[in-house]
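Participant: Before we start, here is the structure in question, set down as structure tokens.
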């Protein structure tokens with residue numbers, strides 16, 4: 001990184017035992033330019049964010065007049081793989097929209113109010129920055145992946161099949177949600193919806209349908225109410241028996257208890 005060291009300011013740093021590598025996120029203070037390793041010029045504006053690391057080949061080279069504030073965080077605090085962190089090195093994010101704007105604003109707070117607050121408050125703000133960075137990195141990597149995915153991707157794609165299998169394995173988990181599914185597969189919720197859109201449904205509707213299928217099967221196998229409707233609802237992740245009954249009736253035109261009675265000899 002060719003920015004003069006006097007123009008780089010460390011805003012905050014989480015405690016770390018030993019030097020296990022840091023992620024450097026710079027917030028550009030004024031209009032400037034940078035150059036990629038391939039010689040391409042990148043224009044930067046106030047508030048834009050840059051993942052920079054002088055020890056990695058993908059890092060940008062900055063113009064001498066470039067000034068920025070840098071947040072320096074140990075990589076192990078970011079709950080991201082080394083490969084993912086290496087991939088975002090050299091990437092830039094516009095600081096005026098989306099998650100980039102949130103991170104950019106938080107860096108301003110850390111930079112301007114670090115001395116006005118105690119260590120505890122700054123630590124909390126820094127951890128908030130780390131959480132936002134994880135979201136930002138995942139969004140960046142997903143946007144990069146989407147550029148490589150054909151628009152006519154088959155609905156039977158390998159990724160979608162893995163996601164469906166994951167959902168089936170976790171149907172009993174009441175915390176199963178589009179957010180948890182996307183997080184487990186390192187993709188954005190937006191991209192998860194895009195995958196299921198090809199099936200004419202949404203992730204939430206797919207989860208509900210699969211849970212209802214399992215409930216219907218179990219109620220069929222346990223006639224004469226040897227297993228209660230409430231127990232079945234709880235086992236397959238429904239929030240309450242009443243919610244389950246309404247959802248079941250909407251799907252099949254009868255209540256769970258009526259379905260169970262039909263299964264009786």
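Participant: Between residue 231 and residue 65, what is the spin-label point distance in nm, taking each point 7 Å from the Cα along the Cα→C-beta axis?
Facilitator: 7.6
Participant: How far apart, in nanometres, would the label points at residue 240 and residue 165 be if each is projected 7 angstrom from Cα along the Cα-to-Cβ direction?
Facilitator: 3.7
Participant: Which FRET efficiency value, to the nearest 0.05, is calculated for residue 124 and residue 97 with the Förster distance at 30 angstrom and r the Cβ-Cβ distance?
Facilitator: In this case the efficiency is close to 0.75.
We did not get these values from a lab; they are worked out from the coordinates using the rules stated. Just so we're clear, the structure is a prediction, and the values are computed from it rather than from any experiment. Here Cβ is always computed from backbone atoms with ideal geometry, including for glycine, and neighbour counts include all displayed protein chains.
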